[in-house]
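K.L.:
One structure follows; several queries about it will come next.
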Amino acid sequence: MNKQQLASKIWASANKMRSKIEANEYKDYILGFIFYRYLSTEIENFYHSEGWSEEDMPTLEEENDPEYTEYVRKNRGYFIGYKNLFSTWLNKGTDFGVKDVSEALSAFNRLIYPTHKKVFSGIFNTLETGLKNLGDSDTNRSTAIRKLIQLIKDIPMDGNQGYDVLGYIYEYLISNFAASAGKKAGEFYTPHEVSVLMAEIVAHHLRDREKIEIYDPTSGSGSLLITIGRAVAKHNDSPDNIKYYAQE
């Protein structure tokens, strides 16, 4: 899927949601669900690497095996049971609804491993508290959510697109929706092409240093930091010696 096709899908979905939520809030829903899909896919891949077959996957629940749940939490920093996987949501079809999302997000927050609280705690707060705004009843909210996850399942996330998919979605959304302050939110986002140019300049300047520290005082989504880190790593024999500092 190229950028134009992706933008068309996102914009069409946004137009359908306009009667339910503020335009500038749409990005919070779509990005929240995208990140949940990412974490869900990562944990599902982990289960497969551990030898779990598709037939056995439905037994992967906290109440069925507390010891394995704890093992996963220690290894991945979080746990998502089978019923809360993004792929399970899709398979439920019209039986899937807002209650499933609420229960999944609540379980995710509860099962974050203590050492990863700073990483994962609160990342879905905006999505969780905003679910009630997707309709005037659970039926309407469920319908809206089903449409959203059908859009999100088609968004490519395998890293083979030749561009930063999540960064592009974020930039596209904030540049098309006016922020509540009355300014274009795009003013606060660095376009990816500019990020790449800045990254190459910084990387060239730092190419002879053994240890690198990168700081962004207005980090936003963090994509500029990541882009610079990747560029620096091409010139550095020890990419693990790059330290990132961010403030938002």
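The values are calculated or read from the model by the stated rules, or taken from the named source; none is laboratory data. As the structure is a prediction and not an experimental result, all values here were calculated from the model. Glycine gets a Cβ as well: all are built from the backbone with ideal geometry, and neighbour counts include every protein chain shown. Note: accessible area is taken over every heavy atom of the protein model, side chains too, but ligands, DNA and RNA are not part of it. Shrake-Rupley method; radii C 1.70, N 1.55, O 1.52, S 1.80 Å.
K.L.:
Just how much of Arg37 is accessible, in Å², when a 1.4 Å probe is used and the result is rounded to the nearest 10?
P.N.:
Here the residue's solvent-accessible area equals roughly 40 Å².
K.L.:
Ok, one more. Please give the solvent-accessible surface of Glu193 in Å², to the nearest 10, using a probe radius of 1.4 Å with every protein chain present.
P.N.:
Roughly 120 Å² of Glu193 is accessible to a 1.4 Å probe.
K.L.:
Ordered by residue, what ³J(HN,Hα) values in Hz, to whole numbers, does the range 80-95 give under the Karplus form 6.51 cos²θ - 1.76 cosθ + 1.60, where θ = phi - 60° and Gly and Pro are x?
P.N.:
Here the 3J(HN,Hα) series is 10, x, 4, 5, 9, 5, 4, 5, 5, 3, 5, 5, 6, x, 6, 7 Hz.
K.L.:
Can you work out the base-10 log of I(q)/I(0) for the range 1-156 at q = 0.17, 0.19, 0.20 1/Å, using the Debye formula on its C-alpha atoms alone?
P.N.:
So the normalised log intensities are -1.03, -1.23, -1.32.
K.L.:
Within the range 47-61, whose backbone N sits under 18 Å from a point 7 Å along Cα→Cβ of Met157?
P.N.:
Only 47-49 fall inside the zone, counting backbone N under 18 Å.
K.L.:
Sticking with this one: State the extension gain, in nm to one decimal, for the chain segment bounded by Asp136 and Tyr215, taking 0.36 nm per residue of separation less the distance between their alpha-carbons.
P.N.:
Using 0.36 nm per residue and subtracting the Cα-Cα distance, I get 24.1 nm.
K.L.:
May I pose another question? Length gain on complete extension for the stretch Asn2 to Glu42, per 0.36 nm per residue less the alpha carbon to alpha carbon distance? Walk me through the intermediate numbers first.
P.N.:
Numbers: separation 40, 0.36 × 40 = 14.40 nm, distance 2.35 nm.
Full-extension gain reported as 12.0 nm.
K.L.:
A further question follows. What list of ³J(HN,Hα) couplings, whole Hz, do you get for the range 103-115 from phi and the Karplus terms 6.51, -1.76, 1.60, once you set θ to phi - 60° and write x for glycine and proline?
P.N.:
Couplings: 5, 5, 5, 5, 5, 4, 4, 5, 9, 5, 6, x, 6 Hz.
K.L.:
Give me a comma-separated list of calculated 3J(HN,Hα) values for the range 206-215, in order, Karplus coefficients 6.51, -1.76, 1.60 applied at θ = phi - 60°, integers in Hz, x for any Gly or Pro.
P.N.:
Taking θ as phi minus 60°, the curve returns 9, 4, 9, 7, 7, 10, 10, 10, 10, 10 Hz for the range 206-215.
K.L.:
A further question follows. Tell me the relative contact order for the range 42-127 as a rounded percent, counting alpha carbon contacts under 8 Å between residues six or more apart.
P.N.:
Details: 53 pairs, mean separation 23.5, N = 86.
Across the range 42-127, relative contact order equals 27 percent.
K.L.:
For the charge dipole of the range 69-148, defined by +1 on Lys and Arg C-beta atoms and -1 on Asp and Glu C-beta atoms about the Cα centroid, which residue among Leu127, Ser137, Phe96 has the Cα displaced farthest towards the positive pole?
P.N.:
Farthest along the dipole direction, towards plus: Leu127.
K.L.:
Taking a ≥ b ≥ c as the square roots of the Cα gyration tensor eigenvalues, with a/c under 1.5 meaning rounded and otherwise prolate when a/b beats b/c, else oblate, which class fits the range 87-160?
P.N.:
Numbers: a/c = 1.98, a/b = 1.28, b/c = 1.55.
Oblate, because a/c is 1.5 or more while a/b does not exceed b/c.
K.L.:
How big is the C-alpha Rg of the range 43-115 next to the rule-of-thumb value 2.2 N^0.38 Å, as a ratio? Working shown, then result.
P.N.:
Numbers: Rg = 12.2 Å, N = 73, 2.2 N^0.38 = 11.2 Å.
The range 43-115 yields a ratio of 1.08.
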